[in-house]
Amino acid sequence: MTALTIGSLGFACLFVYDINSVKWNHKLLHCSFAAGVFCVVSATALIVGRDLPSPFSLTAPRFAGIMLAALFLAALVYTLFFALPFRSTYLCDDEPKTVCDRGVYALCRHPGFWCFSGLYASLCLIRPDRQVAAMALLFICFNFLYILMQDRWTFPSTLRAYESYRLSTPFIIPNRRSIRKGLRTIRVSPGECHESEG
């Protein structure tokens, strides 16, 4: 099984997780999110880590790629796990969830898309070859389809006040109003996220 296939199966697991959260609610499928993330990370490590050159032959573009990848990875982890109330977002599947419309989630509805895309674009600087470029393009496209599904189907079904959040906050491209709100509320605790004001 190729690494790209493993990564594709990982995204399939993420789609299954969302479908399960809306339609089936089978306990066994709740682990499909973790399985999906594991597959995507493993595929990325297999492709990027294959025959890496010696650290002594580090070029300027590769060094820049490492720095950018670290920055985008930190931003992605913050956006997904620290900017949201962790317990109610990821652990309490049986409790109704409310929209977080503060901080980075005031900028746009899916700020993690830019962190994810930046991370995979940076990997192309670390290892500039066709397989990494193909992986980056494929995974970014899968990620876009995933957030599109979440935005149009999963979140309206699982998050309270998501429709009003959609009306007040851009999809993935921030505007002047959303940037102002994001900067104004960046210090709000994730536990204080509440229903969108509309």
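Just so it is clear, none of the values below were taken in a lab; they were calculated from the coordinates. Predicted model, so just to flag it, every value in this text is computed and none were measured. Backbone-built Cβ (ideal geometry, glycine too); neighbour counts: all protein chains shown.
Using helices alone, I'd like the mean residue ellipticity at 222 nm for the chain: each DSSP H run of four-plus residues gives -39500 (n - 2.57), total over residue count, nearest 500.
-17500 deg cm²/dmol
Apply the Karplus parameterisation 6.51 cos²θ - 1.76 cosθ + 1.60, with θ equal to phi minus 60°, to every residue of the range 17-31 and state each ³J(HN,Hα) to the nearest whole Hz, in sequence, with x for glycine and proline.
For the range 17-31, the Karplus curve yields 4, 5, 4, 4, 5, 9, 9, 9, 6, 7, 4, 5, 7, 5, 7 Hz.
If you add up the charges near THR79, with Lys and Arg at +1 and Asp and Glu at -1, over every other residue whose beta carbon is less than 15 angstrom from its beta carbon, what do you get?
Net charge around THR79: +1.
Using modelled amide H (1.01 Å from N, peptide plane; none on Pro or chain starts), what sits under 5 Å from the amide H of ARG160, excluding residues fewer than 5 places away?
For ARG160, whose amide H was placed from the backbone, the distant partners under 5 Å are LYS97, THR98, VAL99.
So how far, in whole Å, is the C-alpha centre of the range 130-192 from the one of the range 14-81?
Comparing the Cα centres of the range 130-192 and the range 14-81, I get a distance of 17 Å.
Rounding to the nearest 10 and keeping the result within 0 to 90°, find how far the Cα-based axis of helix 32-48 lies from the longest principal axis of the chain.
20 degrees
How far apart, in nm, are the 7 Å Cα→Cβ label points at ARG180 and ILE66?
My value for the distance between the label points is 4.3 nm.
Can you give the translational diffusion coefficient of the chain in µm²/s, computed by Stokes-Einstein from the Kirkwood radius over Cα pairs at 4 °C and 1.567 mPa s?
Value of D from the Cα-based Kirkwood radius: 72 µm²/s.
Rank by packing, highest mean first: peptides 101-107, 111-117, with packing defined as the count of other Cβ atoms within 10 Å averaged across residues.
My ranking of the peptides, most packed first, is 101-107, 111-117.
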